[in-house]
Amino acid sequence: MTIETETTAEHDASPGAKIVVITTGGTIACTTDRDGVLLPTVSGPELLEPVAQRFDNAQLALEVRELNRLDSAAMTLADTDAIIAAIHDALDDPEVTGVVVTHGTDSMEETAIAVDTFHDDPRPVIFTGAQRSFDHPESDGISNLFESIVIAMDASARGIGVLIVFGHAVIPARGATKWHTSDNLAFATNGPEEPTRAEPLAPTALADVTVDIIAAYPGAPRTLVDAALEHGADGLVIEAMGAGNVGRELAIAVGEALDTGTPVVITTRVPRGDVHGSYGGAGGGATLLQKGAIGSHYFRAPQARMLLAVAIATGAHPATLF
């Protein structure tokens, strides 16, 4: 579902609306230092102040909770756990209408789908951020945050899972992918307009789970798989070529990993389309799936890794999450 939104100067919230804004850093909270380097320096209250002025305070209560100030490329699964816990804590308040999370764009798609997998509440959770810093003359962060709050108050956002609101678009977390490094419309989706959500799971810590992503390419050696397993990988995501194919040597190692019980998900480096097993041979997609690998469907490697980590942590069969 991708819905265009329109920013207006003022927005009257429905009576009694309460939105919790959880800030975690990212470009939206960055300013430029004397060397031209972006650093997350803007506090949660500072970030929310110019947005709050655009609402009628008598009809909307805005609460900001600053969790951290991180570059999202530096996030770990422990940080993901902290965000999930903060969201569930906010939703423990029955008066809360919805939650908005500000987050760096580099790993927003991963955190959003992890939250979605554990989100068993009709109230919306919205992720947003910025491509331009807080102090940029054409910063997009305030507009994105404003629109996220508007969507979080909208009844149509209830019961459909976690959303990313960015660049005037509303995108379901499931299937979302960062498609451009600098364009204001940072995110697109590989999923259907209304993706089917897996049954939500009870929140479970992810920090102790290790899932490695291995990129396939012509001639990729088996040592990529061997090294990951030797260093304690609990599961593997293979970013295959085409619709899900890898070379012979890598395929042999993947088959051996499957034989020992290591869960393996096959995704693709191709930007669009589903993973499907059409080809035979040692590294063909059909062969890998027959050996027990799981096709990622429309999920690309970042979200496939997160879904596999959730499956391992909770004991769910990985196929049920894809």
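Here are a few things to note about the model shown:
- Check: the chain dipole with +1 on Lys, Arg Cβ and -1 on Asp, Glu Cβ, in debye: 980 debye
- Proxy reagent accessibility, fewest Cβ within 10 Å first, across L62, L288: L62, L288
- Spatially, the stretch 159-191 and the stretch 63-101 are offset by 19 Å when compared through their Cα centroids.
- Antiparallel DSSP beta bridges within the chain, as percent of all bridges there, nearest 5: 30 percent
- Counting beta carbons within 10 Å around each of H103, H276 and listing the fewest first gives the order H276, H103.
- Taking other residues whose beta carbon is less than 10 angstrom from the beta carbon of L224, and scoring Lys, Arg as +1 and Asp, Glu as -1, yields -2.
- Computed on the chain, the Cα convex hull volume stands at 128 Å³ per residue.
- DSSP-loop trypsin sites (Lys or Arg not before Pro) across the stretch 234-322, with at most 16 other Cβ within 10 angstrom: R269, R272, K291
- Around the Cα centre of the stretch 211-321, unit charges on the Cβ atoms of Lys, Arg, Asp and Glu (plus for the first two, minus for the last two) sum to a dipole of about 360 debye.
- Shape call, the stretch 3-189: gyration tensor on alpha carbons, a/c limit 1.5: rounded
- Binned Cα-Cα distances of the stretch 211-321, short to long, each 5 Å bin given as a whole percent: 2, 14, 27, 28, 20, 7, 1, 0
- R0 of 30 Å, Cβ-Cβ distance R123-R54: FRET efficiency to nearest 0.05: 0.85
- When both the stretch 271-322 and the stretch 204-241 are represented by their alpha-carbon centers, they are found 13 Å apart.
- Footprinting exposure proxy for E95, E109 (fewest neighbouring C-beta atoms within 10 Å first): E95, E109
- Label-to-label distance, nm, for residues given as R272 and N184 (7 Å Cα→Cβ offset): 2.3 nm
Any read-out appearing in this document is the output of simple, stated calculations on the displayed coordinates, not a laboratory observation. What you see is a predicted model, and the numbers here were worked out from it, not measured in a lab. Here the Cβ is made from the backbone with ideal geometry for all residues, glycine too, and neighbour counts use every protein chain on show.
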